[in-house]
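The values are calculated or read from the model by the stated rules, or taken from the named source; none is laboratory data. Just so it is clear, the model here is predicted, and its values are computed rather than measured. Methodologically, a virtual Cβ is constructed for each residue, glycine included, from the backbone with ideal geometry; neighbour enumeration extends over all protein chains shown.
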Amino acid sequence: MPTTTRALALTTASGAFETVDLTIRDLRDDDILIDIAWAGICHSDIHTGRDEWGAAHYPLTPGHEIAGTVAAVGAGVTRHQVGDRVGVGCLVDSCGECESCKDGQEQFCTRPAVGTYNSQGYDGEWTAGGYARQVAVSERMVLRIPDALELDVAAPLLCAGITTFSPLRRWGAAPGVRVGVVGIGGLGHMAVKLAAAMGAEVTTFSRSDAKAADALALGASRHVATSDARAMSDARGSLDLIVNTVSADLAIEAYLALLRPFGVIANVGLPSGAYSVRPGALIGGNKVLTGSAIGGIPQTQEMLDFCAAHGIGATIERIDASDPAAIDAAWDRVVAGDVRYRVVIDATTIG
C-alpha cells in the first residue's frame with residue numbers, strides 16, 4: 001500500500017496553507033524516496049498557488065527547490081544509495097527517448113516533461129512538490145549535492161541557480177565579458193554571484209540604490225538605479241550580456257541601448273505583458289533579445305559542482321513550518337520584495 005507523508009497544501013487559490021497527509025506512491029524500480037530537509041520558496045510557487053498563471057490543480061503542494069537525503073531506493077536504482085545528499089529541481093520525469101532528452105535537455109521533452117508539482121505524470125496522477133517531509137522521484141531526475149554545499153543554501157540552486165547559470169553559460173559569461181543583471185532578488189542575486197565567479201564584470205540594475213551595497217557584496221562592480229536617467233545614459237553601450245530576472249513589464253528598448261554591438265538580453269523573468277521592440281533596435285548593433293528556461297539534468301549537475309567549487313550558495317532566510325501560516329506570511333513577503341534573497345522552509349518541521 002502507498003505510504004503518506006506530512007505536507008503543506010492549498011485547496012483554493014485564495015486559501016491559506018493547511019497541513020495534510022500526502023500519499024506517496026509505492027517505489028518503482030527506478031524511484032528514490034527522499035527525506036526533504038529544505039525546500040526553497042520560488043515566486044513561481046506563488047504564481048501557481050494563487051492561480052495567477054491559470055490551470056492550477058488543487059489540492060496543491062508546491063516546491064521545486066528540494067534538498068535532502070535518500071531514504072530508500074527502488075530495486076533498479078544504480079546512481080544513488082541510502083544516505084546520499086540529493087536535490088530535485090523543476091522536473092521529476094521525462095520520456096528519456098526524444099531528441100531533447102537524449103541531448104540532456106529534458107526540460108524540452110516532447111512528451112512533455114513532468115513538472116515537480118501541479119503537473120500530471122505519465123501515470124495520470126498529479127505531482128506534489130517539496131513543501132513536504134518526503135517525495136518519491138525517478139533517479140534520472142535526482143541531482144547529487146556536493147559535500148561542500150550545505151543543504152539549506154543548496155536548495156534554491158535547483159531553480160534559481162540553474163535558471164541563471166544556463167543563460168550565463170550559453171552566452172559566454174567569462175573574463176573580459178561585461179554582464180548586466182536586472183533585478184536583485186531570488187534570481188538576480190544568484191545571477192550576480194555566478195557571473196562574478198565566471199570572471200565577468202558585473203553591473204546590477206534596480207529601481208533605486210537601496211540594494212546597491214548588497215549588489216557589491218554579492219560580486220557586482222557597479223550598480224545603476226534605473227530611476228536615475230543620467231546613470232542609465234552613462235551605461236549605454238557598455239554591456240555584452242544582460243540577464244533580466246524581473247517579471248515586471250519593462251521598456252525593453254532602454255535596456256537594448258545598454259548593449260554593445262552583438263550584445264544579448266536573456267530574459268528569465270516572465271512578465272504578463274508583451275515587450276514592444278522596433279526591429280531597428282535589434283538590427284542596429286546586431287543585438288539579440290531572447291529567453292531562457294532552466295537547464296537539463298546534466299547542466300544542473302554542472303551548476304551544482306561549479307557552485308561547490310566556488311563556494312557559492314543562495315543567500316537565504318530559514319523558516320519553521322510547524323505553523324502553516326508562516327508560509328502564507330513568507331509568500332506575502334516575497335511578493336512585496338521583502339526577502340534577502342530566498343526563503344527556505346525547514347521541511348522537518350512540517351506537521
* Assess whether V153 counts as being under 20 Å from the mean Cα position of the chain (by Cα) and among the aliphatic types (A, V, I, L, M). => yes
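Conditions (1) crowded, with 21+ Cβ neighbours inside 10 Å; (2) in contact with a Phe, Trp or Tyr (Cβ under 9 Å, 6 or more places away or on another chain); (3) more than 30 Å from H80 (Cα to Cα), marked per residue:
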site: A293; (1), (2), (3): no, yes, no
site: C307; (1), (2), (3): yes, yes, no
site: G311; (1), (2), (3): no, no, no
site: V339; (1), (2), (3): no, no, yes
site: A347; (1), (2), (3): yes, yes, no
* Structure fact -> Going through (1) within 17 Å of T290 (Cα to Cα); (2) of a type outside the set (A, V, I, L, M, F, W, C); (3) in contact with a Phe, Trp or Tyr (Cβ under 7 Å, 6 or more places away or on another chain) one by one, G186 fails only at (1)
* Asked: How many of the residues making up the range 283-322 are part of a loop (DSSP other than H, G, I, E, B), in contact with a strand residue (DSSP E or B) (Cβ under 9 Å, 6 or more places away or on another chain) and not small (G, A, S)?
  -> 4
* Asked: Does any residue in the range 232-249 that is under 12 Å from V182 (Cβ atoms) and surrounded by 13 or more Cβ atoms within 10 Å (Cβ to Cβ) come within less than 7 Å, Cβ to Cβ, of a residue that is modelled with pLDDT of 95 or more and basic (K, R) six or more places away or on a different chain, and which pairs are these?
  -> L239/R178; L239/R260
* Subset of the range 45-68 that is crowded, with 22+ Cβ neighbours inside 10 Å and hydroxyl-bearing (S, T, Y) - its residue that is farthest from T163 (Cα to Cα) -> T61
* Structure fact -> Of all helices (runs of 4 or more DSSP H) fully inside the range 163-271, the set with 1 or more residues that are touching a helix residue (DSSP H, G or I) at 6+ places or on another chain (Cβ under 7 Å) and among the charged types (D, E, K, R) is 186-197, 252-256
* Taking the options E97, E139, name whichever one is of a type in the set (D, E, K, R) and either crowded, with 22+ Cβ neighbours inside 10 Å or over 29 Å from V20 (Cβ atoms) (or both). => E97
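Residue-by-condition table, conditions (1) acidic (D, E); (2) part of a loop (DSSP other than H, G, I, E, B):
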{"site": "D45", "(1), (2)": "yes, no"}
{"site": "H57", "(1), (2)": "no, yes"}
{"site": "A72", "(1), (2)": "no, no"}
{"site": "V86", "(1), (2)": "no, no"}
{"site": "P112", "(1), (2)": "no, yes"}
{"site": "D123", "(1), (2)": "yes, yes"}
{"site": "G129", "(1), (2)": "no, yes"}
* Asked: What pairs can you find where one residue is in the range 291-307 and farther than 15 Å from L91 by Cβ, the other is β-branched (V, I, T) and modelled with pLDDT under 95, and their Cβ atoms are less than 8 Å apart, with a gap of 6+ or different chains?
  -> none
* Enumeration of residues in the range 1-22 that are closer than 12 Å to R133 by Cα and either out of contact with any strand residue (DSSP E or B) (no Cβ under 8 Å at 6 or more places or on another chain) or loosely packed, with under 13 Cβ neighbours inside 10 Å (or both) -> D21
